Amino acid sequence: MVTIKLETRINAPADVCFDLSRNIDMHTASMEKSKEKAVAGVTSGLIEKGQFVTWRATHFFIPMYMTVKIVEMEFPHYFIDVMVKGPFKSLWHKHSFVLEDGCTLMKDEFKIEAPLGILGRFAEWLFLKSYMEKLLKKRNEVLKHAAETPGVLN
């Protein structure tokens, strides 16, 4: 299993960062490179606790589908999404938002486990961790830019 922990300082209120992080349209914009698109469940706007979204994306030149569910949410402090169907053995992602020195510290704790036993563990070590970390960092850059740039949200 791979665990990735990231922290992104954003000069915006926690509620703005929280809502941007669970906004389906913002997620789509942040994953432009992989052509990620919501195709079932909540496909636009804000996703809420108990709701699902199915994503279609291309990673490693392979089209993939993944359904995630928001299993916990406490506005504007944190929410957790988990994969309920998709290409991994498991995926768990906690998004936390902490007010610190007048800014929001957005924290990601991301756990992913590849299928296929020892082959999956080798893939985690070889490329999956770095690939997923790069994806999360790119997503966070887009969220930070949107939260800090006047007019982007209007």
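What follows draws every value from the coordinates through simple rules; no lab data is involved. Bear in mind that the values here come from a model prediction, so they are computed numbers and not experimental data. Don't worry about glycine lacking a Cβ; one is built from the backbone with ideal geometry, like all the others, and counts go over all protein chains shown.
Miscellaneous remarks
- Cross-link pairs beyond the 23 Å C-alpha cut-off, checked among 89/144; 85/144; 49/138; 35/107; 94/144; 69/89: 89/144; 85/144; 49/138; 35/107
- Among the trypsin sites (Lys or Arg not before Pro) in the range 25-73, those placed in a DSSP loop whose Cβ has at most 13 other Cβ atoms within 10 Å are 35.
- Chymotrypsin sites (Phe, Trp or Tyr not before Pro) lying in DSSP loop within the range 29-138, provided at most 13 other Cβ fall within 10 Å: 60, 61
- Rounded to the nearest 10 degrees, the angle from helix 129-148 to the longest Cα principal axis of the chain is 20 degrees.
- Tail fraction, Cα-Cα pairs, the chain, threshold 21 Å, whole percent: 43
- What you get for the chain, charging only the Cβ of Lys and Arg (+1) and of Asp and Glu (-1), is a dipole of about 680 debye around the Cα centre.
- Neighbourhood net charge (14 Å Cβ-Cβ; Lys/Arg +1, Asp/Glu -1) for residue 9: -3
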